[in-house]
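S.K.: Attaching a single structure in structure tokens format; questions to follow.
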Amino acid sequence: MKILITGGLGYIGSHTVIECINSKHTVVIVDNLYNSSIKVLEKLNKFLNKDLKFYKTDMQDIDAFEKVFKENNIDAVIHFAGYKAVGESVEKPLKYYDNNIGITINLLKLMERYNVKKIIFSSSATVYKESKILPLTENMPLGVTNPYGRTKLIIEEILQDIAYVDKNFKAVILRYFNPIGAHPCGLFGEENNGIPNNLMPYIVKVAKGELEYLRVFGNDYNTKDGTGVRDYIHVVDLAKAHIKAIKAFEFSKNINIYNIGTGTGYSVLEIIHNFEKATGIKIPYKIVERRSGDIGENYSNSDKAKKELNFSTKYGILDMCHDAWNFEKGK
Ligand code: NAD
Ligand code: UFG
């Protein structure tokens, strides 16, 4: 298939480009480099021995974006592009609604105009309402607490509305849990400008000596050791889920929603411990106040993806820590 990958030079997008090429798909990448760099394209071309088709296009500009559809016979879209910083979305909600929802509407308009009927959308575990009952299954109550999460929920609903009237339209909504790690080759990973917000990007900076210690946000949650528990998934496993989702277009119904996680929750202290074990580097930390807006625990039930997509994960927590560090130290 010829697959348009929006945000294809970003963290998850670049890993998915590799998996698409490995699975003999053709890709067309669109990215405005807001949170990525042209160097990623150069590395992809070298690593894959290809000359990938790339458009440096802001999807907010629908006329420029239309060129991509005009010049390529697109079969399906994997839609990664968007802003993703939860904290910033609280400070600048309009920026998030404008970009995340605006570019998705432009994309869907062009898909309609060019008769492209298949889309995989990057949603997030953040769309679930905080739940005492775990693991989270796809049919559990939804509810969001920040504008970033709301953009994901709104886009899920837009896709449902389109699927309702167009029976040939197929959308696979993937609700990612916490992607971490990097490509085992050491060339691709999560690029970070400035001080990171998320756990693993912060830990690797501490390991590198660029930050003094990790702040553990609270140890009084009702979890195994009091620190926050999440379902971390290796980014390569996550990328492979998209290949399974492409296959599902052949047999699936209109709209399909899948959790993509491992089903196992790790606490912050367990992540520190596993990182130290995987790398031999000590991570100094201090317990500080809870981070506002955080929940104690979440992890997925990913049985639906296992059963219907034949999706399973290969990498464990030590691989995730090892590969995250392997990428960071090579930067
Ligand atoms: P990323 O920021 O690395 O990649 C997103 C890419 O989209 C970037 O390269 C950016 O330059 C591009 N982009 C943004 N706005 C654009 C625009 N107007 N036009 C063209 N390109 C634009 O993020 P990621 O971690 O790879 O996440 C990919 C998707 O998965 C996002 O939609 C994100 O919300 C979602 N997601 C990520 C996580 C996570 O923890 N990383 C978790 C759940 C869901
Ligand atoms: N944490 C720390 N110290 C840090 C950073 C994080 O203790 O410096 C803790 C958090 O309190 C939490 C855990 O580590 O318990 C994971 O935090 P992350 O920021 O890495 O991830 P979140 O689960 O908070 O958020 C992530 C993505 C969101 C997405 C959400 C749900 O960043 O975009 O998962 O999918 F919405």
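The values are calculated or read from the model by the stated rules, or taken from the named source; none is laboratory data. Please read all numbers here as calculations on a predicted model, not as lab measurements. In this analysis, Cβ positions are derived from the backbone assuming ideal geometry, glycine residues included, and neighbour counts consider all displayed protein chains. Heads up: the accessible areas ignore ligands, DNA and RNA and are worked out on the full protein's heavy atoms, side chains in. Shrake-Rupley method; radii C 1.70, N 1.55, O 1.52, S 1.80 Å.
S.K.: With 10 Å bins from zero, work out the P(r) of the chain over every alpha carbon pair and list the percent per bin.
M.R.: Answer for the chain: a P(r) of 6, 26, 36, 24, 7, 1 percent.
S.K.: Something else about it: Check each of the trypsin sites (Lys or Arg not before Pro) in region 197-288 and keep only those in coil by DSSP with at most 11 other C-beta atoms within 10 angstrom; list them in order.
M.R.: Numbers: sites: Lys205, Lys208, Arg215, Lys224, Arg230, Lys240, Lys244, Lys247, Lys253, Lys277, Lys282, Lys286; in loops: Lys208, Lys224, Lys253, Lys282.
Those satisfying the criteria are Lys253, Lys282.
S.K.: Return the loop-located trypsin sites (Lys or Arg not before Pro) in region 105-204 (DSSP other than H, G, I, E, B) with at most 12 other Cβ atoms within 10 Å of their own Cβ; answer none if there are none. Let's see the in-between values first.
M.R.: Numbers: sites: Lys109, Arg113, Lys117, Lys118, Lys129, Lys132, Arg150, Lys152, Lys167, Lys170, Arg175; in loops: Lys117, Lys129, Lys132, Lys167.
Qualifying residues, ordered by number: Lys129, Lys132, Lys167.
S.K.: Could you state the principal axis extents of the C-alpha atoms in region 41-88, from the largest down, to the nearest angstrom?
M.R.: Projected onto the principal axes, the Cα atoms of region 41-88 cover 38, 27, 19 Å.
S.K.: Also, quick follow-up: Take the residue pairs Lys50/Lys84; Lys2/Lys152; Lys208/Lys277 and return only those whose Cα atoms are more than 21 Å apart. Don't jump to the answer; show the numbers that get you there.
M.R.: Numbers: Lys50/Lys84 29 Å; Lys2/Lys152 25 Å; Lys208/Lys277 16 Å.
Listed pairs above 21 Å: Lys50/Lys84; Lys2/Lys152.
S.K.: Please compute the contact order of region 222-330 in relative form: average sequence separation of alpha-carbon pairs under 8 Å and at least six residues apart, divided by the residue count, as a percent.
M.R.: Dividing the mean separation by the residue count of region 222-330 yields 43 percent.
S.K.: With every protein chain kept in place and ligands, DNA and RNA left out, what is the accessible area per residue of region 19-161? Probe 1.4 Å, answer in Å².
M.R.: Numbers: 7260 Å² over 143 residues.
Here the per-residue accessible area is 51 Å².
S.K.: Contour minus end-to-end for Lys56 and Asn197, with contour as 0.36 nm per residue of separation and end-to-end as the Cα-Cα distance?
M.R.: On the way: separation 141, 0.36 × 141 = 50.76 nm, distance 2.69 nm.
Contour length minus Cα-Cα distance gives 48.1 nm.
S.K.: State the answer as a single residue: which of Asn168, Phe121, Gly228 lies farthest towards the positive end of the charge dipole of region 71-229, with beta carbon charges of +1 for Lys and Arg and -1 for Asp and Glu, about the Cα centre.
M.R.: Asn168
S.K.: If the chain between Val165 and Val90 were fully stretched, how many nm would it gain, using 0.36 nm times the residue separation less the Cα-Cα distance? Spell out each step's value before the answer.
M.R.: Working: separation 75, 0.36 × 75 = 27.00 nm, distance 3.33 nm.
Taking Val165 through Val90 to full extension adds about 23.7 nm, to one decimal.
S.K.: Determine the gain in length on full extension of the stretch Glu250-Lys39; use 0.36 nm per residue of separation and subtract their C-alpha separation, reporting nm with one decimal.
M.R.: Numbers: separation 211, 0.36 × 211 = 75.96 nm, distance 3.47 nm.
Once the chain is fully extended between Glu250 and Lys39, it gains 72.5 nm.
S.K.: How many percent of the accessible area of region 244-331 is carbon or sulfur, using a 1.4 Å probe?
M.R.: Details: 2210 of 4500 Å².
The computed percentage sits at 49.
S.K.: Magnitude of the Cβ-charge dipole of the chain, K/R +1 and D/E -1, about the Cα centre, nearest 20 debye? Don't skip to the end; give the middle numbers.
M.R.: Numbers: 44 positive and 39 negative charges, 124 e Å.
For the chain, the charge dipole is close to 600 debye.
S.K.: Separate question: Rank Pro201, Ser252, Ala305 by how far each Cα sits towards the positive end of the charge dipole of region 178-331 (+1 on Lys, Arg Cβ; -1 on Asp, Glu Cβ) and give me just the farthest.
M.R.: Farthest along the dipole direction, towards plus: Ser252.
S.K.: Sticking with this structure for a sec: About its Cα centre, how strong a charge dipole does region 51-133 have in debye, to the nearest 20, once Lys and Arg get +1 and Asp and Glu get -1 at the Cβ?
M.R.: Numbers: 13 positive and 12 negative charges, 58 e Å.
Computed about the Cα centre, the dipole is about 280 debye.
S.K.: Each label point is 7 Å from the Cα along the Cα-to-Cβ direction; what then is the distance between the points at Asp220 and Ala64, in nm?
M.R.: 4.9 nm
S.K.: Further question on the same structure: Once the other residues with Cβ under 13 Å from the Cβ of Lys50 are scored (Lys, Arg +1; Asp, Glu -1), what is the net sum? Before the final figure, lay out the partial values.
M.R.: Values: positive: Lys24, Lys43, Lys46, Lys53; negative: Glu42, Asp51.
That sum, taken over residues with Cβ under 13 Å, equals +2.
S.K.: Another one. Please return the longest stretch of the chain lacking exposed loop sites, where GluC sites (Glu not before Pro) count only if DSSP places them in a loop and at most 15 other Cβ atoms lie within 10 Å. Intermediate values should be presented prior to the final figure.
M.R.: Values: sites that count: Glu130, Glu210, Glu212, Glu250, Glu289.
The answer is 1-129.
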